[in-house]
1. In whole angstrom, note down how far apart the Cα centers of the range A:59-119 and the range A:357-415 are.
2. Over all residues in A:141-150, what is the mean tally of Cβ atoms on other chains that come within 10 Å of each residue's Cβ?
3. Could you check the simple spin-label distance between A:Glu396 and A:Arg365, using points 7 Å along Cα→Cβ, in nm with one decimal?
4. Treating the beta-carbon of each Lys and Arg as +1 and of each Asp and Glu as -1, no other charges, what is the dipole magnitude of the protein assembly as shown about its Cα centre, to the nearest 20 debye?
5. How much solvent-accessible surface does B:Leu9 expose, in Å² to the nearest 10, with a 1.4 Å probe and all protein chains in place?
6. Gap in Å between the Cα centre of the range B:1-42 and the Cα centre of the range A:160-176?
7. Can you list which of the trypsin sites (Lys or Arg not before Pro) found in the range A:215-245 are DSSP loop residues with at most 12 other C-beta atoms within 10 Å?
8. Take every Cα-Cα distance within the range A:132-203, group them into 10 Å bins from 0 onward, and report for each bin the whole-number percent of pairs it holds.
Amino acid sequence: MDSDDEFNSSGSEEDFNNDSDASFGGGDDDSDLDMEDNDIGFETQDKDIKKSKQKYEVDFQVFGPEQVQAQQDNQIEEVGNILGQPPEAAAILLRHARWNKERLIESYMDNTDKVLESAGLGEAALHPPKIEKVKGFTCDICCEDGPGLETFAMKCDHRFCVDCYKHYLESKIKDDGEAARIRCPGDGCNRIVDAVSLDFLVTSDKLRDRYVELLTRTYVDDKDNLRWCPAPDCENTVECGVKDKDLPRIVPTVHCDCGHFFCFGCSLNDHQPAPCGLVKKWLKKCEDDSETANWISANTKECPKCHSTIEKNGGCNHMTCRKCRNEFCWMCMGNWAEHGTSWYNCNRFEEKSGYEARDAQAKSRQSLERYLHYYNRYANHEQSAKLDKDIYLKTEKKMTQLQMQTGMSWIEVQFLDSASQALQQCRQTLKWTYAFAYYLARNNTTEMFEDNQKDLEMAVENLSEMFEKSTDQLESLKVEMMDKTSYCSKRRIILLNDTAENLRKGEGLVIDLF
Amino acid sequence: MAAARKRILKEYTECSNDTPPGMKINFDEQNMTEWEILMDGPEQSVYSGGHFKLRLTFPNEYPFKPPVVSFKTKIYHPNVSNDDKGSMCLGMLRPDAWKPPNKVISVLHLVRTLLIEPNVDDAIEASIASEFKDNKKGFEKTAKEWVKQYAK
């Protein structure tokens, strides 16, 4: 497998960063770039770029379906040769061992019979599968009998009529999506239906195709270092060495050949720099809250006793909490009993019970406000990324226009495309920095993180603004736009590298998934 | 379905010849795919004295898919869902464990066995299961109360 090629072709982002680096290293002291942030240390940065891998990036490789099939076939052949088993048996053994070749061979050598038995192969294959008519036979599934009934059984001798056997396999493949581990239909029998028997019984091409597809799927699912690309209609598989236990420290974003960036850990869209666990928690929270939280914040108060959220639906200030039966005043949140006779005319602002209740309420609201602070920024970047994408679609039109108006070549107008892509990517990152920040415990490193966030945000907004300029202005802005584009990407890399490093070391940034 | 009819009929004959203790099957030839089962709480269990109504539904794909068991009478049990479905889904009743030659009679025996000895490791109601493990007395008390309240 041509690993280097694979990697490079999947690294358009890489190329892009190298370009931006060139314009940086070139030393043209553009005022836009010459900001006080240079102290982050571009020197180390440059060194890293030369290695063509950033601190926040992970090694991975993309495979097409044929390559995945070939991988399986190679291993089946290899193991078959070593164990002296025919390919269909070797395939069953490998699937049973979840494609752990070494462990399979070792345990096979250790105790052949036991391995064969537990893989559902029983004693070695001697007879090819065949259909028989058996005298006095009654099918245990459909209860049909009769001398003409065609029957089938594997070596375990659990015999059923061919129709039922076929129906069983069809239902397993079609309804349950099973393939590698379909067991004999016999009660309590764990023998796996091998590929030869299956080929013999499943005659429809469509079903057989599905079977092969499912087999490949179990292969990818069984291998911890393989994942499907989740993009719709993409059939590629990505290989990456990052383990589940590394996920709190590493965010393994991979880039499929189809162009899709996704997280190898959780298969969601690229969510750098936030680790998978945080992302999951955040998404769950957003699903629960978001709009509802806004509404609650604007329209309700909490019962001072049990903190149930209450919406006032009548004019009277005398509230009785439906849950804890606490009676209080809607205006001052104080205990109703203390109101005496001054009902409907609350002027007891300084009363103690009311003060405490308001204080507790303020605290609870504060945590909501905090969440909304981060959520609004998160949602805003998501929204802006969508709008930027709309602009991207218009960009193509602009590019053609620009080509015609100015006589620039196609390659010369590519800067718009680069800018648009950079914008998308940076907004994606920014969006997740806000979810990330929500769970961040405050310390010195947090400040650095927020500075990085601020710098990237500023760079992004600057670039985004330029996009709205009219076509005739664009030509003169080309150099500035290219500079801003590379600056954005640079800022993004700095933020991601800093964060990745802090995460990996497990110090500095403290995530608190309260 | 024609094949299933033959099989269901045969299974009914089998079940009525050898009904598990304390059970009665109401079978309707017009609607063979739904059996109503009346069951007395087994004497050696906390459900003793209760009368439970169950429904056994045969799916269209029967016997390639397992029958569905649901308690129509409320019961306090780790393996019966505490909702209006009262479903039971473990062991051979799970689609991936069910084998086409498996018989309804075994399902009935399974249900009875589970009332005598709940399976806490494969519980549908986790809180009832942990109560069963950690506070058996409390579990038995509630289970008996429910029998009194719902299963008389």
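1. If we compute the Cα centre of each part, the gap is 49 Å.
2. Mean shielding by partner chains, rounded to a whole number: 3.
3. Placing both labels 7 Å beyond Cα along the Cβ direction yields 5.0 nm.
4. 4100 debye
5. Roll a 1.4 Å probe over it and B:Leu9 shows about 70 Å².
6. Centre-to-centre (Cα) distance: 25 Å.
7. Here the sparse-neighbourhood loop sites are A:Lys243.
8. In whole percents, the pair-distance histogram is 20, 55, 23, 2.
The values are calculated or read from the model by the stated rules, or taken from the named source; none is laboratory data. Not measured: the values here are computed from a predicted model. For neighbour counting, all protein chains shown are included, and Cβ atoms are generated from backbone atoms with ideal geometry for every residue, glycine included. Ligands, DNA and RNA are stripped out before the accessible areas are found, and what is left, the full protein with its side chains, is counted by its heavy atoms. Shrake-Rupley method; radii C 1.70, N 1.55, O 1.52, S 1.80 Å.
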